[in-house]
Structure formats: C-alpha cells, structure tokens
Amino acid sequence: MRGAARLTGAPVLRAVDVIGAKRDGAEIDAAELAWLVTGFLDGSVTEGQMGAFLMAGVLRGFSRAEARALTDVLVASGEQLDLSSLTGPTVDKHSTGGVSDATTLLVAPLLATAGAKLVKLSGRGLGHTGGTLDKLESIPGFRTGLDPEEMLRIAEEVGCVVAAQTQRLVPADKALYALRDVTGTVASAALIASSVMSKKLAAGAGTIVLDVKTGGGAFMKEAAAAEELAELCVAIGREAGRRCAAIVSAMDQPLGRAVGNALEVAEAVELLSAAPQGRLAEVVLELATLALVEARAGGEQAAVAGGGERDAAAAGGGRAAAAAGELRRAWTSGAALETLARMIVAQGGDGSVCERPRDVLPTAPVIRDVLAEEAGSVAAVPALPVGELAAVLGAGRSRQADEIDPAVGIELRVEVGDLVEAGAVLAVVHARDESVAQHACERLGQLVALGGDGIAPATVLRRMGGG
C-alpha cells in the first residue's frame, strides 16, 4: 500500500507518491502508469515529476509487466491504423538504427512479392544519417505524406507502402521521448521497448519483425543488452496478440556499402538487380524470412499442444527453409525489383530509378577516391565515425529542422576481413565542394584500419522466432 495515494478505485493519486514508490523499487501498476502519463500530457503532472519518475525507473529498473502496461498506455494515447481491409497477412518491420541500414527498401518489396501486405510508418533521421523517409525522398517525386485511405489502397494494390508516421499515432510516446532525451533517461530496455512496440502495435500489422543492432554504431553497445531488448520487444508483441520475431545483428561496421540517402537507394536497387550477396542482403533475407514464416504460422502451436515439440520444431525449420528459398527466387528473378518500382510509382516517384538509379537520383558535384597507402587486411571500418563523417558531408541532421543533402555521402569499397593491395580504392567520397571532400578523404584514410586477420565477423548474431 502507498497510503491514500494507492489506486484502488477512484482515489486521487499524487505524483510524488508514485515517484517515491518507484524510487523504493516498487512495481507500478497499469492504472497508475495510465494516470501518470495522462497527467503528463494534460499538464497536471509536471515535466520535473515525470523526469524524476523516469530516472527512478532507470535506476531501479522496470519489470516486464510495467513495460507492457506502459506500451498499452502509449498505444491508447492516439489513433490506431486499421489494416483489416487488406487481403493477405499484414507485416511490419523495425530496426533500432545504425549506419547504412536500408533494409526497409529491400524487405518491403520482397515480402510484398511473396503475398504479404507491408504498411511501414517511418520517421526522419536525426543524427549521422537520414531515416527511411529521407532515403526515399531522394527519389524525384516520391511522396511520403499519405492519408490512411491512400496508404491502404497502395498496400492492397502493390503489397507495400512506406509513409510518414502521423502525429496522431501514439502522441504520448513523442512527448515522453523528448523528455527522456533531455533528462538522461533514454537508456532503459523497458522504456525503449515500450516506445518501439507502441508504434508497431498502433500501426496495426498482425506480424512484427525486429532488427536490434549491437556494437559501436548501435545504441546498444553490448550484445547482452541488445538481446534483452529484443526478447522484451518480442514478448510485448506476443502478449498483445501479434506474431513477433527478431534478430540481433552486428553494427560495428556499416551494414551496407553506401552511407548517404540517394547512395543507399542506388545500392538497394543494384542489390535487387543481381543475386543477393553481402552483409546487407544477409540481414534483409533473415528479416524477410522471419516475417514470412511468422505471418504464415498456424499449425505449429497445435503440434506443441499435442506433445509434438520435436515435430513442431522440424516443421518450423522446414517452413523457414521454404520461405527463404521463395524469397531468394523473388530476388533473383527481378520480381522484387519490379514490386519496388510499382511502389515508387504509386507514391509519385520516378519508377525508372529501378532501371537507371545513377542517372535518376541526385549526384554530388565532387567525387573523390580514397586509396590504400599499403597492402593488408581490413581490420576495422568503424560504423559510428563513418556515419558521423557522412553527416559532416550533409547526409544527416543534428536538429529536426535541418535540411539534408540527398546526394552526398560515402561509398565503401571494402569491409572487415577484405584483403587490399596498395593503391586500391577503399572508399569514394561524394561531396558538395572540394574542401569538404578533401577533409572526408583524409579522415576515411585514418578510419579504415588495416592489419586484421582476414576473417569476416558474423553479421546476424541471434534469431528469435520464425522457425
């Protein structure tokens, strides 16, 4: 009990009592969390009080029940997208971010080609690289500001749509995140999971697949913390009645070879124009396979209930192998690229970008090579400094109001484990002027370190769900 402040029916709560209870390690129930967040939104709970509560939770920890309850509160704070009119399984994906992460541009058309309906509500990047919307808006004419009716129409006709998140979706999360950002309370698995999953649940898809990054270029630097976050997100999704799966992937080096908005679109198109290869393709196929297996799941639970755990596991593995084969065929046949072109045209963009990406996309006026001064094996291509350098070129923003230059960025020609000769091209800098290009070339020459053992590190570190 917390005296008269404990919510047992309709007694009036006091924020100071809820804060004190969390400070002392108590678990806050769903009704109290709802009261606290609602009060923060209407001003009856001050920023100072909410900040104190968040800090108490970060220091003492939030339980899984609290994370799930907070997720429900955030979802209930705004509108929810109704996807029930769509035919076929509905799918959504989320990545916790990183450098050269253009997975949505490939996962969306792959799943759509396989018969799923993917409705992806994305945001703009804040930091070293642009977000998914920034990448897509580098395509001439591409529109991301779609109303729900248009989103659903495109999703039904094409199979996938990527649009800007409406301000009416989980507004409480936006308000809480702004406060967490200035009070040093971002680093909490429960708060991150509730933020991520509230948006995914409100977006309405029956299946949710997550890519949780770990390493120097990720928010979660340690693999154990990334696994904890992934497990919590999957648990919240499943407890909410959604099919949910996740991978934990490495972000010590950029995922793809391109870092910059138009450059990442070009890389995605060029990848879909040939057989899948490379680290980006590996993660894309993992995510798409997980999503497709989960979306089509059905009989495995009955097998487990009947005591057939081994048979169910074998069936899950068989479904995963079949789904992976189907997705590879959609990739290599060119069908997924055709679907991407249809989505681009449906959203007002120039579909010929899927035929001539380097001609259609904006290009930087200054392009310079970075050459290896000696031979050796690539030991490091550190993701975060490379991403920060791309931001210096103009590919990212430090404030939401900043303008992004879609043409600039970095194209890497090597990754960890590659053997290079003296004079080989390590990277290509795309810049707006000579002075910035020169600085970026010099910096990249320092960042791409040689002297490794020639062994490529693993990219996908753990899988959760999907057979």
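Label-to-label distance for E270 and S352 is 2.0 nm, based on points extended 7 Å past Cα in the beta-carbon direction.
Calculated from the alpha-carbon coordinates, segment 362-450 shows an Rg and a Dmax of 13.2, 43 Å respectively. Panel order for D181, D134, D211, by other beta carbons found within 10 Å of each beta carbon, from fewest to most: D181, D134, D211.
Can you compute the FRET efficiency between E156 and V182 using 1/(1 + (r/R0)^6), with r the Cβ-Cβ distance and R0 = 45 Å? Round to the nearest 0.05. Before the final figure, lay out each step's value.
Numbers: r = 41 Å, r/R0 = 0.92.
Efficiency, rounded to the nearest 0.05: 0.65.
Label-to-label distance, E149 versus S435, with points set 7 angstrom from Cα along the beta-carbon direction: 5.2 nm. Each residue in T71, T166, T113 was given a count of other beta-carbon atoms within 10 angstrom of its own, and listing them fewest first yields T166, T113, T71. Annotation: the residues D17, D147, sorted from fewest to most other C-beta atoms within 10 Å of their own C-beta, follow the order D147, D17. Taking a ≥ b ≥ c as the square roots of the eigenvalues of the Cα gyration tensor, an a/c ratio of 1.5 or more together with a/b larger than b/c marks the chain as prolate.
Of the GluC sites (Glu not before Pro) found in segment 153-253, those in coil by DSSP whose Cβ has at most 11 other Cβ atoms within 10 Å are E222.
Which pairs, out of K22/K117; K135/K200; K174/K221, put more than 31 Å between their alpha-carbon atoms?
Numbers: K22/K117 41 Å; K135/K200 21 Å; K174/K221 24 Å.
Over 31 Å apart, Cα to Cα: K22/K117.
Values quoted throughout were computed directly from the atomic coordinates according to the rules given, and no laboratory measurement underlies them. This one's a predicted model, so the numbers in the text were calculated from it and none came from an experiment. Every residue, glycine as well, gets a Cβ built from its backbone with ideal geometry; the counts of neighbours run over all protein chains shown.
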